Amino acid sequence: MKNNDQRSSLFWLAAGLAIAFYSEKYGLGSFSSPGPGFLPFLTGLVIAGLAVVVFLQQLSKSSRERMTDLWRQGRWPTVLTVMGALVLYTLLFQFLGFLLDTVWLIAFLLRVMEPMSWKKCLIGAVGAGGGSYLIFQLWLKAQLPAGFLGF
Amino acid sequence: MDIFANVLLGFQVALQPTNLLFCFIGVLIGTLVGVLPGLGPVAAMSLLLPSTFHISPVAAIIMLAGIYYGAMYGGSTTSILVNIPGEAASVVSCLDGYQMARQGRAGPALGIAAFGSFIAGTVSIVGLMFLAPPLAEMALKFGPPEYFCLMLLGLIILTFLAGKSMPKALIMAAFGLFLGLIGMDIMTATPRFTFGFYFLTDGVGLVPVVMGLFGVSEVLLNVEAGIRRDVFKTRIKGLLPNRKDWKDSAWPIVRGSVIGFFLGILPGGGAVIASFVSYAVEKRCSRYPERFGTGVIEGLAGPESANNSATGGAFIPLFTLGIPANAVMAMLLGALIIFGMQPGPMLIKQHPDLFWGVVTSMYIGNAMLLVLNLPLIGLWVNILKIPYPVLFPLILLFCLIGVYSLNNNTGEIGLMLVFGAVGYIMKKFNYEAAPLVLALVLGPIMENALRQSLIMSNGSASIFFTRPIALVIMLAVITLLILPLLPWVKQKREALGEIAEDE
């Protein structure tokens, strides 16, 4: 495996074949009356075919790289932290309710990139959470979840 | 004359107080997201889409359109003052705009960008007014085969122009098409690829995907890079360009307007390509091409006009054919469908108030933008000074609220996060998001057109090659697929891809 285009092309080859395989289950129909699986099947084959093209194209290229090269610069642990916080936020969304869930998320995220005092973070978080609650819940009447405390 | 009465109708609609207000909100938000790097018009439009359900469709479309062309204005401010493009179409403006600012000419640079944008915006609106209605008449002759071919052509043009590797862009388009097919099959009511998730029965929502790919993933990349911005510290004075500036910029603005308009019409063309082409043209026309990149006003006036003019052109395929030319227009198409309007050749006839109201509102919006951008420039500069560690939690919060309030479904937040991660990895591996989004919107429409065509022809694919209009379009598709294989075209495309990647 020479470079990342080849690696990603293998992923797409697998994805394309999987799509084509599953589409067959839904019924391909015939050319004169295409079934629900017809176009998904075609797109699966096209993806797989193009993946092969990308793979073969790279054979003649001289560039070599490792997958880890893509993450060598920058702060990827911060990205994971942010993503993790967002997932947790989503899981707790209905239980905690919009306001409470948002306050901890914003307070946490404000500290992620640069150290900032907890006091400042909390003020910012309460401001952002409360402000958006006022605008979206009370003014625009978006139905944000209330959570176990009832707000 | 007919068009005169229509323009009058348009102004009647656009000048209603509520519509004026939403036009103003649109251009204001547009300028804001244009100014802020890492938040583009697509993300902003999907964010505000749910909040438009309470207002009339006309006001909603007026506001969403305002975000689009407003962002083109705002983007130039960031390019000129910070040397970071506020959004993709302002990449070229960094080259000469920032140099002008460093030479103490930030004022005239901002001024000519705003005036050029205003003039070009006006030109493209006039073009839109004259071209769209006759084109819509013509499009009435199109049947399912022609529609299928046209949409295919749109996707192929987009992948042809996008980035370095056409096969990779095509994979994205095909994957987007597949995502568009997820959900209930229209003809047989079979749920496809829903894997038991109830919210997928309606299909993969455009908003979660777009917010993930353009909002969340962009934030993740910026957080990783730890972006810092140095606003050019200088007092901005004398926003009005002098007589020599005007003389130098006059033709670039005219050329930029024309180039932008026609490239904007092309599906997949749009503002980014228009600005690049305009810069190349100005360099070629110039008597001193070697000075480009050192703060030449022509190198700013041309592309800034082109990217604004392209916004007007991009509305043409949407309003005449119901086919979006780019990801932003795909958002508007989504909005039209949500409001129960059938986009297509009948749209102008059935909803004249919508078409003419939106078009004339763009004229008013352009005038508002001139006011917003010139005297209020200090405000935008201050917003640029908000540090990213404070800004990004707010961007994420807006994405979360926006995506949830669309259907009150926590599952869609999850979907957005999935596409945020997917978009992040895609950018790492150099895959373009734009073809995916366009194909996602076109997916169900294309499938319908394909099935109807095949039923019409009794299963023979020859229907796409025997009807004259379809044949011409298919020939264009095939040409575009073969072209990149020719050596000299290959070199040109790779050069273009490298420029785009360097920025």
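None of the figures in this text is laboratory data; all of them are computed from the coordinates on show. None of the values given here were measured: they were computed from a predicted structure. Cβ: placed from backbone, ideal geometry, glycine included. Neighbour counts: every protein chain shown.
State the Cα centre-to-centre distance between segment A:36-63 and segment B:129-151 in whole Å. First find each Cα centre; the distance between them is then 32 Å.
Rounded to the nearest angstrom and listed largest first, the equivalent-ellipsoid semi-axes of segment A:1-58 from its Cα gyration tensor are 28, 10, 5.
As a calculated quantity, the FRET efficiency between B:R284 and B:A250 at R0 = 22 Å, using C-beta atoms, amounts to about 0.80. Once the other residues with Cβ under 11 Å from the Cβ of A:N3 are scored (Lys, Arg +1; Asp, Glu -1), what is the net sum? Value of the local net charge: +2. Going by Cα centres, segment B:19-97 and segment B:185-224 are how many Å apart? What the calculation gives is 24 Å, centre to centre.
From least to most packed, judged by other beta carbons within 10 angstrom and beginning with the fewest, B:Y69, B:Y279, A:Y89 follow the order A:Y89, B:Y279, B:Y69. Here each label is just a point 7 Å from Cα along the line to Cβ, and for A:N3 and B:D202 those points are 4.3 nm apart. When only Cα pairs below 8 angstrom with a gap of at least 6 residues are kept, chain B shows a relative contact order of 27 percent. I need the shape label for segment B:282-337. Rule: rounded when a/c is under 1.5, else prolate if a/b > b/c, else oblate, with a, b, c from the alpha carbon gyration tensor. Because a/c hits 1.5 or more and a/b exceeds b/c, segment B:282-337 counts as prolate. Going from the residue with the fewest nearby Cβ atoms within 10 Å to the one with the most, A:S30, A:S132 rank A:S30, A:S132.
Here is the link list: A:K120/B:K427; A:K119/B:K385; A:K61/B:K428. Which ones come out longer than 29 Å on Cα distance?
The pairs that break the limit, which is 29 Å between Cα atoms, are A:K120/B:K427.
Calculated on the alpha-carbon coordinates, the convex hull of chain B measures out at 146 cubic angstrom per residue. With the simple spin-label model, which puts each label point 7 Å out from Cα in the Cβ direction, the B:L370 to B:K141 separation comes to 4.0 nm. Shown is the FRET efficiency for B:T190 and A:L10, computed with R0 = 51 Å from the Cβ-Cβ distance and rounded to the nearest 0.05: 0.95. Equivalent ellipsoid of segment B:242-313: semi-axes from √(5λ) of the C-alpha gyration tensor, largest first, are 21, 12, 8 Å.
Plainly put, segment A:3-151 has a radius of gyration that is 1.20 times its Kirkwood radius, both from alpha-carbon atoms, as the Rg/Rh ratio. Ordered by the count of other Cβ atoms within 10 Å of each Cβ, fewest first, B:Y431, B:Y73 give B:Y431, B:Y73. Under 5 Å between amide hydrogens, built in the peptide plane, is the criterion, and for A:G29 it picks out A:G35 among residues at least 5 positions away or on other chains. From its DSSP helices (H runs of at least four residues, each -39,500 (n - 2.57)), chain B gives a residue-normalised ellipticity at 222 nm of -24000 deg cm²/dmol. Taking one equal scatterer on every alpha-carbon of the protein assembly as shown, how large is log10 of I(q)/I(0) by Debye at q = 0.07, 0.09, 0.12 1/Å? Treating every Cα as an identical point scatterer, log10 I(q)/I(0) equals -0.44, -0.75, -1.42.
When only the Cβ of Lys, Arg, Asp and Glu is charged (+1, +1, -1, -1), the dipole of the protein assembly as shown relative to its Cα centre reaches about 1280 debye.
Counting only helical runs of four or more DSSP H residues, what would the 222 nm mean residue ellipticity of chain A come to if each run contributes -39,500 (n - 2.57) and the total is spread over all its residues?
The helix contribution divided over chain A gives -21500 deg cm²/dmol.
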